[in-house]
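Worksheet: one structure, shown below.
The values are calculated or read from the model by the stated rules, or taken from the named source; none is laboratory data. Fair warning: this is a prediction, and the values are worked out from it, not measured in the lab. Reconstructed Cβ throughout: ideal geometry from the backbone, glycine too, with neighbour counts over all protein chains shown.
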Amino acid sequence: MASISSNNSRRRVMNSLERVQAAVRLEPVDRVPVMPQVFGHAARLCGVSLGTYVRDGATLARCQLQALGRYGYDAVFAVMDVGVESEAMGSVLRYREHLYPVVEHHVLTASSEPDSVQIPDPQEAGRMPQMLRALETLASEVGERVLVVGCVVGPMTLTTQLLGMSEALYLAIDDPARFERVLDLATNTIIRFGLAQLEAGAHLPVVFDPSASPAVVPGQFFREFEAPRLNRVFRALTEAGSVANWLHIAGPTESILPDYVALGVNIANFDYCVGAEEAVNALPETCLDGNLRPLAFVDASPSDVAAGAAALIHTFAERGGFILSSGCEIPPEARPENVEAMVNAVVGACRS
(Lines give C-alpha, C1' and ligand atoms only; values in the text may rest on other atoms or scores of the structure.)
Protein backbone atom coordinates (compact mmCIF):
# COMPACT_ATOMS: atom_id res chain seq x y z
CA MET A 1 0.00 0.00 0.00
CA ALA A 2 1.36 3.43 -0.90
CA SER A 3 2.55 5.71 1.86
CA ILE A 4 0.77 9.02 2.26
CA SER A 5 4.17 10.70 2.33
CA SER A 6 5.20 9.54 -1.13
CA ASN A 7 6.90 12.07 -3.40
CA ASN A 8 4.01 12.01 -5.86
CA SER A 9 1.51 12.92 -3.16
CA ARG A 10 3.75 15.80 -2.03
CA ARG A 11 4.07 17.26 -5.54
CA ARG A 12 0.36 17.44 -6.36
CA VAL A 13 -1.75 19.67 -4.16
CA MET A 14 -5.30 18.38 -3.79
CA ASN A 15 -8.42 20.24 -2.87
CA SER A 16 -10.35 19.01 0.16
CA LEU A 17 -12.84 16.90 -1.79
CA GLU A 18 -10.09 15.16 -3.77
CA ARG A 19 -8.12 14.58 -0.58
CA VAL A 20 -10.99 12.91 1.23
CA GLN A 21 -11.91 10.76 -1.77
CA ALA A 22 -8.31 9.56 -2.09
CA ALA A 23 -8.18 8.71 1.61
CA VAL A 24 -11.40 6.72 1.30
CA ARG A 25 -9.78 4.68 -1.49
CA LEU A 26 -6.60 4.28 0.63
CA GLU A 27 -4.64 6.08 -2.07
CA PRO A 28 -1.80 8.60 -1.55
CA VAL A 29 -2.82 12.08 -0.42
CA ASP A 30 -0.92 15.36 -0.28
CA ARG A 31 -1.70 15.57 3.43
CA VAL A 32 -3.96 13.81 5.90
CA PRO A 33 -7.56 15.06 5.58
CA VAL A 34 -8.78 16.74 8.75
CA MET A 35 -12.50 16.90 9.53
CA PRO A 36 -13.22 18.02 13.10
CA GLN A 37 -16.87 17.32 13.75
CA VAL A 38 -17.93 20.95 14.09
CA PHE A 39 -21.70 21.12 14.36
CA GLY A 40 -23.11 23.29 17.15
CA HIS A 41 -19.67 24.77 17.71
CA ALA A 42 -20.16 26.65 14.44
CA ALA A 43 -23.20 28.37 15.98
CA ARG A 44 -21.19 29.34 19.05
CA LEU A 45 -18.46 30.82 16.86
CA CYS A 46 -21.02 32.99 15.11
CA GLY A 47 -22.85 34.09 18.25
CA VAL A 48 -26.00 32.20 17.26
CA SER A 49 -28.09 30.16 19.70
CA LEU A 50 -28.31 26.43 19.15
CA GLY A 51 -32.09 26.76 19.14
CA THR A 52 -31.87 28.97 16.06
CA TYR A 53 -29.04 27.04 14.41
CA VAL A 54 -30.90 23.71 14.37
CA ARG A 55 -34.11 25.22 13.00
CA ASP A 56 -32.92 27.51 10.22
CA GLY A 57 -31.04 26.14 7.23
CA ALA A 58 -29.76 29.52 6.07
CA THR A 59 -28.26 30.22 9.50
CA LEU A 60 -26.71 26.76 9.68
CA ALA A 61 -25.08 27.16 6.28
CA ARG A 62 -23.79 30.65 7.10
CA CYS A 63 -22.23 29.43 10.37
CA GLN A 64 -20.66 26.40 8.70
CA LEU A 65 -19.09 28.57 6.02
CA GLN A 66 -17.70 30.95 8.62
CA ALA A 67 -16.25 28.06 10.62
CA LEU A 68 -14.69 26.64 7.45
CA GLY A 69 -13.16 30.03 6.69
CA ARG A 70 -11.72 30.29 10.17
CA TYR A 71 -10.30 26.80 10.54
CA GLY A 72 -9.60 25.67 6.96
CA TYR A 73 -10.47 21.98 7.35
CA ASP A 74 -11.82 19.58 4.73
CA ALA A 75 -15.61 19.33 5.20
CA VAL A 76 -18.76 21.25 6.04
CA PHE A 77 -21.65 19.62 7.89
CA ALA A 78 -25.40 20.11 7.59
CA VAL A 79 -26.04 18.37 10.91
CA MET A 80 -28.81 19.52 13.22
CA ASP A 81 -29.58 16.92 15.90
CA VAL A 82 -30.86 13.36 16.23
CA GLY A 83 -34.50 14.45 16.42
CA VAL A 84 -35.00 15.69 12.86
CA GLU A 85 -36.53 12.52 11.42
CA SER A 86 -38.57 11.68 14.52
CA GLU A 87 -40.06 15.17 14.65
CA ALA A 88 -41.00 14.97 10.97
CA MET A 89 -42.85 11.75 11.77
CA GLY A 90 -44.87 13.22 14.63
CA SER A 91 -42.76 13.23 17.78
CA VAL A 92 -42.83 16.51 19.71
CA LEU A 93 -39.52 18.13 20.58
CA ARG A 94 -38.69 20.67 23.25
CA TYR A 95 -36.31 23.35 22.00
CA ARG A 96 -33.74 25.02 24.21
CA GLU A 97 -31.69 28.12 23.52
CA HIS A 98 -28.22 26.78 24.26
CA LEU A 99 -28.76 23.00 24.19
CA TYR A 100 -29.91 20.55 21.54
CA PRO A 101 -33.63 19.75 21.49
CA VAL A 102 -35.00 16.63 23.15
CA VAL A 103 -38.10 14.55 22.46
CA GLU A 104 -40.89 15.54 24.81
CA HIS A 105 -43.57 13.25 23.36
CA HIS A 106 -42.81 10.12 21.34
CA VAL A 107 -45.10 9.46 18.40
CA LEU A 108 -45.21 5.68 19.01
CA THR A 109 -45.81 3.43 22.01
CA ALA A 110 -45.22 -0.29 22.38
CA SER A 111 -48.86 -0.93 21.44
CA SER A 112 -48.94 1.45 18.46
CA GLU A 113 -49.24 0.17 14.94
CA PRO A 114 -46.10 1.25 13.03
CA ASP A 115 -48.26 1.63 9.92
CA SER A 116 -50.08 4.50 11.65
CA VAL A 117 -47.00 6.68 11.03
CA GLN A 118 -46.29 7.87 7.51
CA ILE A 119 -42.85 8.13 5.94
CA PRO A 120 -42.34 11.90 5.80
CA ASP A 121 -41.78 13.92 2.64
CA PRO A 122 -38.36 15.60 3.07
CA GLN A 123 -39.54 18.57 1.02
CA GLU A 124 -42.34 19.36 3.46
CA ALA A 125 -42.09 17.64 6.85
CA GLY A 126 -40.72 19.27 9.97
CA ARG A 127 -37.19 20.64 9.68
CA MET A 128 -36.21 18.37 6.81
CA PRO A 129 -36.66 21.18 4.24
CA GLN A 130 -34.35 23.40 6.32
CA MET A 131 -31.67 20.71 6.23
CA LEU A 132 -32.03 20.49 2.45
CA ARG A 133 -31.86 24.27 2.18
CA ALA A 134 -28.58 24.27 4.12
CA LEU A 135 -27.14 21.58 1.85
CA GLU A 136 -28.13 23.46 -1.28
CA THR A 137 -26.31 26.55 -0.02
CA LEU A 138 -23.21 24.67 1.07
CA ALA A 139 -23.03 22.73 -2.18
CA SER A 140 -23.37 25.95 -4.16
CA GLU A 141 -20.62 27.69 -2.19
CA VAL A 142 -17.99 24.96 -1.74
CA GLY A 143 -19.27 21.73 -3.27
CA GLU A 144 -16.66 21.52 -6.02
CA ARG A 145 -13.75 21.69 -3.59
CA VAL A 146 -14.89 20.75 -0.06
CA LEU A 147 -16.76 17.65 1.12
CA VAL A 148 -20.40 18.53 1.86
CA VAL A 149 -21.79 16.22 4.53
CA GLY A 150 -25.46 15.74 5.34
CA CYS A 151 -26.81 13.58 8.13
CA VAL A 152 -29.33 10.84 8.79
CA VAL A 153 -29.71 8.88 11.99
CA GLY A 154 -29.41 5.10 11.93
CA PRO A 155 -32.39 2.73 12.15
CA MET A 156 -31.88 1.91 15.83
CA THR A 157 -31.45 5.54 16.77
CA LEU A 158 -34.58 6.62 14.91
CA THR A 159 -36.50 3.75 16.50
CA THR A 160 -35.50 4.93 19.97
CA GLN A 161 -36.47 8.48 19.00
CA LEU A 162 -39.91 7.26 17.88
CA LEU A 163 -40.56 5.07 20.94
CA GLY A 164 -38.18 6.20 23.65
CA MET A 165 -35.13 4.18 24.64
CA SER A 166 -36.68 2.02 27.37
CA GLU A 167 -39.85 1.39 25.39
CA ALA A 168 -37.84 0.34 22.33
CA LEU A 169 -35.63 -2.09 24.24
CA TYR A 170 -38.57 -3.66 26.06
CA LEU A 171 -40.43 -4.01 22.76
CA ALA A 172 -37.44 -5.80 21.22
CA ILE A 173 -37.69 -8.38 23.99
CA ASP A 174 -41.46 -8.64 24.34
CA ASP A 175 -42.57 -8.35 20.70
CA PRO A 176 -39.59 -8.62 18.35
CA ALA A 177 -41.82 -8.81 15.27
CA ARG A 178 -43.43 -5.45 16.05
CA PHE A 179 -40.02 -4.02 16.95
CA GLU A 180 -38.69 -5.03 13.54
CA ARG A 181 -41.64 -3.33 11.87
CA VAL A 182 -40.67 -0.09 13.58
CA LEU A 183 -37.07 -0.63 12.49
CA ASP A 184 -38.24 -1.09 8.90
CA LEU A 185 -40.33 2.09 9.09
CA ALA A 186 -37.24 3.88 10.36
CA THR A 187 -35.07 2.41 7.61
CA ASN A 188 -37.43 3.47 4.85
CA THR A 189 -37.60 6.99 6.29
CA ILE A 190 -33.81 7.22 6.50
CA ILE A 191 -33.38 6.11 2.90
CA ARG A 192 -35.88 8.66 1.61
CA PHE A 193 -34.27 11.49 3.59
CA GLY A 194 -30.75 10.43 2.62
CA LEU A 195 -31.63 10.37 -1.07
CA ALA A 196 -33.15 13.84 -0.78
CA GLN A 197 -29.92 15.10 0.78
CA LEU A 198 -27.89 13.73 -2.12
CA GLU A 199 -30.25 15.43 -4.55
CA ALA A 200 -29.79 18.70 -2.63
CA GLY A 201 -26.04 18.57 -3.14
CA ALA A 202 -24.56 16.52 -0.30
CA HIS A 203 -21.62 14.35 -1.30
CA LEU A 204 -22.71 11.93 1.41
CA PRO A 205 -24.90 11.80 4.49
CA VAL A 206 -23.10 10.56 7.58
CA VAL A 207 -25.18 7.89 9.33
CA PHE A 208 -25.24 8.67 13.06
CA ASP A 209 -26.36 5.71 15.11
CA PRO A 210 -25.55 6.28 18.80
CA SER A 211 -28.30 3.92 19.96
CA ALA A 212 -26.58 1.04 18.12
CA SER A 213 -23.42 1.39 20.21
CA PRO A 214 -22.28 -1.63 22.23
CA ALA A 215 -22.59 0.72 25.19
CA VAL A 216 -26.36 0.47 24.60
CA VAL A 217 -27.07 -2.91 22.96
CA PRO A 218 -25.00 -6.13 22.71
CA GLY A 219 -23.09 -6.96 19.57
CA GLN A 220 -25.40 -9.85 18.74
CA PHE A 221 -28.38 -7.50 18.87
CA PHE A 222 -26.55 -5.21 16.43
CA ARG A 223 -25.89 -8.09 14.02
CA GLU A 224 -29.41 -9.49 14.16
CA PHE A 225 -31.53 -6.34 14.07
CA GLU A 226 -29.44 -3.37 12.98
CA ALA A 227 -26.88 -4.66 10.49
CA PRO A 228 -29.36 -5.79 7.80
CA ARG A 229 -31.07 -2.39 7.90
CA LEU A 230 -27.82 -0.44 7.75
CA ASN A 231 -26.84 -2.55 4.77
CA ARG A 232 -30.08 -1.53 3.03
CA VAL A 233 -29.41 2.14 3.77
CA PHE A 234 -25.87 2.01 2.42
CA ARG A 235 -26.87 0.11 -0.72
CA ALA A 236 -29.49 2.74 -1.50
CA LEU A 237 -27.08 5.62 -0.90
CA THR A 238 -24.38 4.02 -3.04
CA GLU A 239 -26.80 3.44 -5.90
CA ALA A 240 -27.83 7.11 -5.69
CA GLY A 241 -24.23 8.33 -6.06
CA SER A 242 -22.98 8.89 -2.51
CA VAL A 243 -19.19 9.29 -2.68
CA ALA A 244 -18.78 7.09 0.41
CA ASN A 245 -20.73 5.40 3.19
CA TRP A 246 -19.78 6.93 6.53
CA LEU A 247 -20.97 5.15 9.67
CA HIS A 248 -20.65 6.97 12.96
CA ILE A 249 -21.25 4.90 16.08
CA ALA A 250 -19.54 6.23 19.19
CA GLY A 251 -18.42 4.35 22.26
CA PRO A 252 -16.63 1.00 22.65
CA THR A 253 -17.23 -0.31 19.12
CA GLU A 254 -14.28 -2.71 18.90
CA SER A 255 -16.62 -5.73 19.02
CA ILE A 256 -18.67 -4.61 16.00
CA LEU A 257 -16.05 -2.87 13.82
CA PRO A 258 -15.28 -6.08 11.89
CA ASP A 259 -18.96 -6.18 10.82
CA TYR A 260 -18.66 -2.87 8.98
CA VAL A 261 -17.13 -4.39 5.85
CA ALA A 262 -20.21 -6.48 5.11
CA LEU A 263 -22.39 -3.41 5.67
CA GLY A 264 -20.63 -1.51 2.88
CA VAL A 265 -18.97 1.06 5.14
CA ASN A 266 -16.23 3.14 3.47
CA ILE A 267 -15.51 5.55 6.35
CA ALA A 268 -15.63 4.12 9.86
CA ASN A 269 -15.65 6.47 12.81
CA PHE A 270 -13.87 5.23 15.93
CA ASP A 271 -14.19 6.95 19.27
CA TYR A 272 -11.41 7.84 21.73
CA CYS A 273 -12.07 4.70 23.80
CA VAL A 274 -10.99 2.52 20.85
CA GLY A 275 -7.26 2.47 20.11
CA ALA A 276 -6.00 3.30 16.64
CA GLU A 277 -4.19 -0.02 16.28
CA GLU A 278 -7.31 -1.84 17.42
CA ALA A 279 -9.34 -0.10 14.75
CA VAL A 280 -6.75 -0.87 12.06
CA ASN A 281 -6.68 -4.54 13.02
CA ALA A 282 -10.47 -4.71 12.83
CA LEU A 283 -10.70 -2.83 9.51
CA PRO A 284 -7.35 -3.13 7.72
CA GLU A 285 -8.70 -1.94 4.34
CA THR A 286 -11.30 0.62 5.40
CA CYS A 287 -10.77 4.35 5.78
CA LEU A 288 -10.91 5.27 9.46
CA ASP A 289 -11.75 8.60 11.04
CA GLY A 290 -11.13 9.61 14.63
CA ASN A 291 -10.38 9.59 17.41
CA LEU A 292 -9.42 12.59 19.51
CA ARG A 293 -11.35 12.84 22.77
CA PRO A 294 -14.16 15.36 22.18
CA LEU A 295 -13.92 16.94 25.63
CA ALA A 296 -10.22 17.58 25.04
CA PHE A 297 -11.34 20.49 22.90
CA VAL A 298 -12.82 21.99 26.06
CA ASP A 299 -10.54 20.94 28.91
CA ALA A 300 -7.10 20.26 27.34
CA SER A 301 -4.42 22.65 26.16
CA PRO A 302 -3.70 23.31 22.48
CA SER A 303 -0.36 21.54 22.86
CA ASP A 304 -2.11 18.44 24.22
CA VAL A 305 -4.54 18.41 21.28
CA ALA A 306 -1.66 18.90 18.84
CA ALA A 307 0.29 16.04 20.43
CA GLY A 308 -2.68 13.68 20.20
CA ALA A 309 -3.24 14.61 16.57
CA ALA A 310 0.45 14.14 15.74
CA ALA A 311 0.43 10.68 17.32
CA LEU A 312 -2.52 9.61 15.18
CA ILE A 313 -0.94 10.99 12.02
CA HIS A 314 2.23 9.05 12.80
CA THR A 315 0.28 5.82 13.41
CA PHE A 316 -1.31 6.00 9.96
CA ALA A 317 1.68 7.42 8.09
CA GLU A 318 2.47 4.22 6.17
CA ARG A 319 -1.02 2.75 5.95
CA GLY A 320 -2.92 5.82 4.78
CA GLY A 321 -6.71 5.58 4.67
CA PHE A 322 -7.13 7.95 7.60
CA ILE A 323 -9.11 11.13 8.29
CA LEU A 324 -8.08 13.03 11.41
CA SER A 325 -11.20 13.80 13.41
CA SER A 326 -12.70 13.91 16.84
CA GLY A 327 -14.15 10.69 18.22
CA CYS A 328 -17.58 12.31 18.23
CA GLU A 329 -18.98 15.83 17.97
CA ILE A 330 -16.71 18.62 19.16
CA PRO A 331 -18.70 20.28 21.96
CA PRO A 332 -20.29 23.62 21.09
CA GLU A 333 -18.31 25.25 23.91
CA ALA A 334 -14.95 24.01 22.54
CA ARG A 335 -12.01 26.40 22.71
CA PRO A 336 -11.29 27.65 19.16
CA GLU A 337 -7.54 27.47 19.76
CA ASN A 338 -7.88 23.72 20.34
CA VAL A 339 -9.65 23.20 17.02
CA GLU A 340 -6.94 25.29 15.39
CA ALA A 341 -4.28 23.13 17.04
CA MET A 342 -5.84 20.00 15.52
CA VAL A 343 -5.87 21.48 12.02
CA ASN A 344 -2.40 22.94 12.35
CA ALA A 345 -1.04 19.54 13.39
CA VAL A 346 -1.91 18.22 9.93
CA VAL A 347 -0.19 21.11 8.21
CA GLY A 348 2.87 20.65 10.39
CA ALA A 349 3.04 16.92 9.63
CA CYS A 350 2.84 17.67 5.92
CA ARG A 351 5.85 19.99 6.12
CA SER A 352 7.98 17.65 8.23
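Tabulated values for the structure
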{"quantity": "Filter result (part of a loop (DSSP other than H, G, I, E, B), β-branched (V, I, T) and more than 19 Å from E329 (Cβ to Cβ)) within region 15-39", "calculated": "V29, V32"}
{"quantity": "Flag for E144 being in contact with a helix residue (DSSP H, G or I) (Cβ under 9 Å, 6 or more places away or on another chain) and closer than 30 Å to N15 by Cα", "calculated": "yes"}
{"quantity": "Output for region 128-146, where each listed residue is over 18 Å from A58 (Cα atoms) and within 18 Å of the chain's Cα centre (by Cα)", "calculated": "V146"}
{"quantity": "Counted residues, region 269-314 - those being over 21 Å from G251 (Cα atoms) and not charged (D, E, K, R)", "calculated": "8"}
{"quantity": "Matching residues in region 40-61 - criterion: being free of Cβ contacts under 8 Å to residues at least 60 places away in the same chain and assigned to a helix (DSSP H, G or I)", "calculated": "A42, G51, T52, Y53, T59"}
{"quantity": "Those residues of region 101-138 which are touching a helix residue (DSSP H, G or I) at 6+ places or on another chain (Cβ under 7 Å), closer than 24 Å to G150 by Cα and part of a helix (DSSP H, G or I), in sequence order", "calculated": "M128, Q130, M131, L132, R133, A134, L135, E136, T137, L138"}
{"quantity": "Selection from region 297-308 of residues that are closer than 26 Å to V79 by Cα and either of a type in the set (D, E, K, R) or surrounded by 24 or more Cβ atoms within 10 Å (Cβ to Cβ) (or both)", "calculated": "F297, D299, V305"}
{"quantity": "Any hit, region 93-100, residues being in contact with a His (Cβ under 8 Å, 6 or more places away or on another chain) and either of a type in the set (S, T, N, Q) or at pLDDT 95 or above (or both)", "calculated": "no"}
{"quantity": "Members of region 336-352 that are surrounded by fewer than 19 Cβ atoms within 10 Å (Cβ to Cβ) and either modelled with pLDDT under 95 or not polar (S, T, N, Q) (or both)", "calculated": "P336, E337, E340, V347, G348, C350, R351, S352"}
{"quantity": "Evaluation of E87 against (1) modelled with pLDDT of 95 or more; (2) not in a helix (DSSP H, G or I) (one fails), failing number", "calculated": "(2)"}
